[in-house]
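Visitor: Following this message is one structure expressed as structure tokens.
The values are calculated or read from the model by the stated rules, or taken from the named source; none is laboratory data. All values reported here derive from a predicted model rather than from experimental measurement. Heads up, the Cβs are rebuilt from the backbone with ideal geometry, glycines too, and the neighbour counts pull from every protein chain shown. Side chains included, ligands, DNA and RNA excluded: accessible areas come from the protein's heavy atoms. Shrake-Rupley method; radii C 1.70, N 1.55, O 1.52, S 1.80 Å.
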Amino acid sequence: MEKILEVKDLELSFHTFAGEVKAIRGVNFDLFKGETLAIVGESGSGKSVTTKSIMRLLPEHSSEFKNGHILFNGKDLTKLTDKEMQKIRGKDISMIFQDPMTSLNPTMPIGKQIMEPILKHRNVSKSVAHKEAVDLLRLVGMPKPEARMKQYPHQFSGGQRQRIVIAIALACNPQILIADEPTTALDVTIQAQILELMKDLQKKINTSIIFITHDLGVVANVADRVAVMYGGKIVEIGTVDEIFYNPQHPYTWGLLSSMPSLDTAEEKLYAIPGTPPDLLSPPKGDAFALRSDYAMKIDLEEIPPFFKVSDTHYAATWLLHPDAPQVDPPAAIMERMKKYPGSRYYDGTEGGTY
């Protein structure tokens, strides 16, 4: 597969009145052409900051790249000026934000808003841009697109506004589409429609998607690969099947254990104890150690490296070290792992639903 984006050893800090917040602490991942990479984790784990750093949307006066590279088509985005980034934003890399109402200009008809990136980044006339904007509205499933070009954001429902935002993001056929929790503000039925729309559009235009969410149910439906973030670091990365059926990091175990399913009994769902670390003074070792039932002494002293589980699956946990004692994950996770051929618990049964 062709690699379209490389994030290497990325470190980013925010300078605040309280001190330096080390928000991103050595993040590495690749994005391949035509794939969907989901980034999951609790609020404050660094998901949105990572993707906004790719778009260079963080405030320059308070944020600073401390180390690392973001390579896109041979260019290091961390080194580009804001003027150079303006040629990339909206054209080559687009972003769908969480709340469509704050993404749209309430004083401008939605037709003009969709035409804007087309006119800015492509040498076409207003009539051509207008036709393409209508086609985009039709593509995202908007009824009577020609008539709705003249309407304002407040005249649309929440799901329709999100479709408009997606149309704007797709206006220049971007190579990378970043979706920052695009269904959080929508009800469950509309969520399903928007997710189905994004999957369908990806097939049609072959764009690569980075999908940020804390909803593991969404991940199962849209992702090819999953990166699990915690404390400003990626702690596990693998295919969607590997993360759901053969998770290796205790934090991933906790996330999956706290996810409700059709099989969930009428008892309380599992909740990960404690709170995320304070990144003003990051922990010395594994950031998850103080919340983990599986922490060893070394977890409090040294940051674990990535251990290879398979060619596509890596996890940063000392439990995978050859000298570590073998521990069993929670019972619910073991039941999942029994269905995956790559797991040491595999019992030959067929994989179930997520």
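Visitor: Can you check what the net charge comes to around Thr312, using other residues whose Cβ is under 15 Å from the Cβ of Thr312 (Lys, Arg +1; Asp, Glu -1)?
Guide: -4
Visitor: How much accessible area per residue does the range 16-102 have, counting only protein heavy atoms and a probe of 1.4 Å, in square angstrom? Mind dumping the intermediate values first?
Guide: Values: 4030 Å² over 87 residues.
The answer is 46 Å² per residue.
Visitor: Let me ask you something else. Which of the peptides 69-77, 311-319 is most tightly packed, and how do the rest follow, judged by the mean count of other Cβ atoms within 10 Å per residue? Could you put the intermediate results ahead of the total?
Guide: Details: 69-77: 15.3, 311-319: 19.9.
For the peptides 69-77, 311-319, the packing ranking is 311-319, 69-77.
Visitor: With the other protein chains left in place, how much accessible area per residue, in square angstrom, belongs to the range 183-328 at a 1.4 angstrom probe?
Guide: Details: 7120 Å² over 146 residues.
It amounts to 49 Å² per residue over the range 183-328.
Visitor: Which angle from 0 to 90°, rounded to the nearest 10, does the C-alpha axis of helix 188-205 make with the longest principal axis of the chain?
Guide: Long axis of 188-205 versus the principal axis of the chain: about 80 degrees.
Visitor: Assign unit charges at the C-beta atoms only (+1 for Lys and Arg, -1 for Asp and Glu), then state the dipole size of the range 264-324 relative to its Cα centre in Debye, rounded to the nearest 20. Mind showing how you got there, number by number?
Guide: Details: 5 positive and 10 negative charges, 18 e Å.
The dipole magnitude comes to about 80 debye.
Visitor: With contacts defined as alpha carbon pairs under 8 Å and 6 or more residues apart, what's the relative contact order of the range 179-296 in percent?
Guide: Details: 97 pairs, mean separation 20.2, N = 118.
Computed value for the range 179-296: 17 percent relative contact order.
Visitor: Rounded to the nearest 0.05, what FRET efficiency do Ala332 and Asn73 have when you use their Cβ-Cβ distance and R0 = 41 Å?
Guide: Once rounded, the FRET efficiency stands at 0.45.
Visitor: Hand me the GluC sites (Glu not before Pro) from the range 25-112 located in a DSSP loop with no more than 11 other Cβ atoms within 10 Å, in residue order please.
Guide: Numbers: sites: Glu35, Glu42, Glu60, Glu64, Glu84; in loops: Glu35, Glu42, Glu60.
Loop-located and lightly packed - Glu60.
Visitor: Quick one: length gained pulling Thr81 to Ser258 fully straight, 0.36 nm per residue minus the C-alpha distance?
Guide: Working: separation 177, 0.36 × 177 = 63.72 nm, distance 4.25 nm.
Length gained between Thr81 and Ser258: 59.5 nm.
Visitor: Under a straight-distance cross-link criterion of Cα-Cα below 18 Å, which aspartates and glutamates are reachable from Lys203, leaving out those fewer than 8 residues away in the same chain?
Guide: Partners within reach: Glu2, Glu35, Asp92, Asp135, Asp224.
Visitor: Report the relative contact order of the range 38-93, percent, no decimals, based on alpha-carbon pairs under 8 angstrom and at least 6 residues apart. Write out the running numbers ahead of the final one.
Guide: Working: 24 pairs, mean separation 15.5, N = 56.
For the range 38-93, the relative contact order is 28 percent.
Visitor: Got a sec? Charge dipole of the chain, +1 on Cβ for Lys and Arg, -1 for Asp and Glu; which of Leu104, Tyr346, Leu77 is way out at the positive end?
Guide: Farthest along the dipole direction, towards plus: Leu104.
Visitor: Let me ask you something else. How much of the accessible area of the chain, probe 1.4 Å, is carbon plus sulfur, in whole percent?
Guide: Working: 8920 of 17200 Å².
Carbon and sulfur together cover 52 percent of it.
Visitor: To continue, here is another question. Hey, what number do you get for the chain at 222 nm if only DSSP H runs of n ≥ 4 count, each worth -39500 (n - 2.57), divided across all residues, to the nearest 500?
Guide: Details: 12 runs with 106 residues, N = 354.
Rounded to the nearest 500, it is -8500 deg cm²/dmol.
Visitor: With charges set only on the Cβ (+1 for Lys and Arg, -1 for Asp and Glu), what does the dipole of the range 243-354 come to about its Cα centre, in debye to the nearest 20?
Guide: Working: 9 positive and 15 negative charges, 25 e Å.
Approximately 120 debye in magnitude.
Visitor: Among Ile243, Ile333, Ile166, which one shows the biggest mean-square fluctuation in a GNM of the chain, springs joining Cα atoms closer than 10 Å?
Guide: Among Ile243, Ile333, Ile166, the largest GNM mean-square fluctuation belongs to Ile333.
Visitor: Continuing with the same structure: How far is helix 126-139 tilted off the main Cα axis of the chain, in degrees rounded to 10, range 0 to 90?
Guide: Orientation of helix 126-139: about 40 degrees from the principal axis.
Visitor: Further, regarding this structure: Quick one: work out the % antiparallel among DSSP beta bridges in the chain, nearest 5. Could you put the intermediate results ahead of the total?
Guide: Working: 32 of 51 bridges.
Counting only bridges with both partners in the chain, antiparallel ones make up about 65 percent.
Visitor: Where does helix 158-169 land angle-wise versus the long Cα axis of the chain, in degrees 0 to 90, nearest 10?
Guide: That helix lies at roughly 80 degrees to the long axis.
Visitor: Something else: Using the structure shown, select from Lys144/Lys199; Lys112/Lys204; Lys66/Lys284; Lys8/Lys199 the pairs with a Cα to Cα distance greater than 20 angstrom.
Guide: Details: Lys144/Lys199 23 Å; Lys112/Lys204 24 Å; Lys66/Lys284 18 Å; Lys8/Lys199 28 Å.
Checking Cα-Cα distances, Lys144/Lys199; Lys112/Lys204; Lys8/Lys199 exceed 20 Å.
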